[in-house]
Amino acid sequence: VVVLLAIASPVLRMESVPPDARIFPPSSEVRRVDEALSDPARFDPGGASAMQVIVRTVGAPLEVRNLRALRAYAARIAAVEGVRKVRTPFDELDPDSLTPEELERKAAVDPVATELVHMVHEETSLIVANGEHPWSSPAAAKVLRAVREVPHTGLEVKIGGPTAQMVDLNATLRAYGRVAVPLVIGWSFLMLLGAFRSVVVPLKAVLMNVLSLGASYGLLVWVFQDGHFSGLLGFERLEGIDPTIPLVMFAVVFGLSMDYEVFLLSRIREEWLRSGDNQGSVIFGLAHTGRIITSAALILLVVIGAFAAGQIVYAQQIGVGVGAAIALDVTLVRALLVPATMQLLGDWNWWMPRWLRLSLARGAAGATQAR
């Protein structure tokens, strides 16, 4: 347990960063273009991280009251720290200094007329805000959040762009992760509870799976975020982990680990029901499932390991993370930690409250009669 917790410790500093062109090899054309755009000595780094602000008004945007509201909102965005420039088609259309006739004439003459065609459609207007920071940086995300908090009374506002996509992706993954993780763990616990007629066994199985998963997360951070073995695997160290990787790994690794757990526990329980000897049952189950579990793990390691040999960092993270989880699960966890804890717990492995055991028995009897 101490070894696994030590391996898992880097997960405490895991950072979530969206994938950018650095996931491609240095020779990739896409990466070379992205590096050129991100170089402040060559191009404005805010150009690639522009925030597209869609504003909907009640009535035409060129109505006097709407013009005032749109210009005031654009000015408030421009005042946000970290915003370099705000572009709107209304800069030269000041209703407080121009008469309605002058406004109409100015709107019909280029360059205002062209900008209105490109940036206004019916009751919807486009405002473009350029930031001072690269789109994937934490600073750009902070600026986006500040812009989203700018008051816009009477206006319906939606903000998009690369930075907004990054922020919303992370928020969505966190939201669904809070649902997916308890759902998977809870469902697995209930299935094992019904299969093995024990509270301790499924609880222990969940804890073991979380432990091996945490260790694989720690290795993922140690390799890709800290940059160890970057020369061997041929990748450039990133500031964090792709936010989709932990969720994908959780689904895959938890399922695989539970498979191995069921293989082992099924044989142990069969022998325990036959003999009533917990120690002998653990030895029997481990001896009769060891080859199956090892063979299955080796097959998966070859398949998953192929991902780590690729040139795309996303695939490499999947390969290293899942491969490490499988290797740890069939060695330290399934071959050592599970049988050791079952020996220590003895007959407590198969403990279940009497009321719960009777409820499961009545449910099983009812299902049999229904068939």
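In the chain, which longest range has no GluC sites (Glu not before Pro) that are both DSSP loop (not H, G, I, E or B) and surrounded by at most 10 other Cβ atoms within 10 Å? Can you show the working numbers first?
Values: sites that count: Glu81, Glu122, Glu149.
Free of exposed loop sites, the longest segment is 150-371.
Can you give the calculated 222 nm mean residue ellipticity of the chain, where each DSSP H run of n ≥ 4 adds -39,500 (n - 2.57) and the sum is split over every residue, rounded to the nearest 500 deg cm²/dmol? Walk me through the intermediate numbers first.
Working: 14 runs with 223 residues, N = 371.
Computed mean residue ellipticity for the chain: -20000 deg cm²/dmol.
Ala180 to Asp259: extension gain in nm, 0.36 nm per residue of separation minus the Cα-Cα distance?
Here the segment from Ala180 to Asp259 would lengthen by 26.6 nm.
Of the trypsin sites (Lys or Arg not before Pro) in segment 189-239, which ones lie in a loop per DSSP and count no more than 13 other C-beta atoms within 10 Å?
Details: sites: Arg197, Lys204, Arg237; in loops: Arg197, Arg237.
For trypsin sites (Lys or Arg not before Pro) across segment 189-239 that sit outside H, G, I, E and B with at most 13 neighbouring Cβ atoms in 10 Å, the list reads Arg237.
Highest mean first, what order results for 293-300, 318-325 on Cβ atoms within 10 Å? Intermediate results must be reported in sequence, preceding the final value.
Details: 293-300: 15.2, 318-325: 24.4.
Ranking, from highest mean packing down: 318-325, 293-300.
Using a cut-off of 15 Å between beta-carbons, work out the net charge of the residues near Val330 (Lys and Arg +1, Asp and Glu -1, Val330 not included). Write down the numbers at each step before the final one.
Values: positive: Arg291, Arg334; negative: Asp259, Glu261, Asp329.
Net of charged neighbours comes to -1.
Starting from the Cα of Lys158, draw a straight line to each of the aspartates and glutamates and keep only those under 12 Å, dropping any in the same chain fewer than 8 residues away.
Glu149
For segment 244-356, which whole-number percentage of the solvent-accessible area (1.4 Å probe, protein heavy atoms only) is attributable to carbon and sulfur atoms?
Numbers: 3800 of 5380 Å².
Answer for segment 244-356 is 71 percent, counting heavy atoms of protein chains only.
For the chain, take the longest principal axis of its alpha carbons; what is the angle in degrees between that and the long axis of helix 313-328, to the nearest 10 within 0 to 90?
20
If you take Rg and Dmax of the Cα atoms in Å from the coordinates, which of (i) 29.4, 98; (ii) 28.1, 104; (iii) 30.6, 98 do you get?
(i)
Report the charge-dipole magnitude of the chain in Debye, nearest 20, computed about the Cα centre from +1 at each Lys and Arg Cβ and -1 at each Asp and Glu Cβ. The partial results should precede the final answer.
Numbers: 33 positive and 35 negative charges, 393 e Å.
Rounded to the nearest 20 debye, it is 1880 debye.
How about Lys85: which aspartates and glutamates have a C-alpha closer than 15 Å to its C-alpha, ignoring those fewer than 8 places off in the same chain?
Qualifying aspartates and glutamates at Cα under 15 Å: Asp44, Glu132.
Relative contact order (percent) for the chain, with alpha-carbon contacts under 8 angstrom and 6 or more residues of separation? Before the final figure, lay out each step's value.
Values: 489 pairs, mean separation 78.2, N = 371.
This gives 21 percent for the chain.
Relative to the longest principal axis of the chain, what angle (0 to 90°, nearest 10) does the C-alpha long axis of helix 278-308 take?
Computed tilt is about 30 degrees.
Could you state the accessible area per residue of the chain in Å², with a 1.4 Å probe and every protein chain left in place?
On a per-residue basis, the chain sits at 53 Å².
Share of segment 194-240's accessible area from carbon and sulfur, percent, 1.4 Å?
On the way: 1180 of 1740 Å².
Carbon plus sulfur share of accessible area: 68 percent.
Can you tell me, using C-alpha contacts under 8 Å and at least 6 residues apart, the relative contact order of segment 207-301 as a whole percent?
On the way: 60 pairs, mean separation 18.0, N = 95.
Here the relative contact order equals 19 percent.
Spin-label point model (7 Å from Cα, Cβ direction): what's the Arg87 to Thr124 distance in nm?
According to this spin-label approximation, the distance is 1.9 nm.
The values are calculated or read from the model by the stated rules, or taken from the named source; none is laboratory data. Bear in mind the structure is a predicted one, so any value in this text is a computation, not a measurement. Every residue, glycine as well, gets a Cβ built from its backbone with ideal geometry; the counts of neighbours run over all protein chains shown. The accessibility values were calculated without ligands, DNA or RNA, using every heavy atom of the protein model including side chains. Shrake-Rupley method; radii C 1.70, N 1.55, O 1.52, S 1.80 Å.
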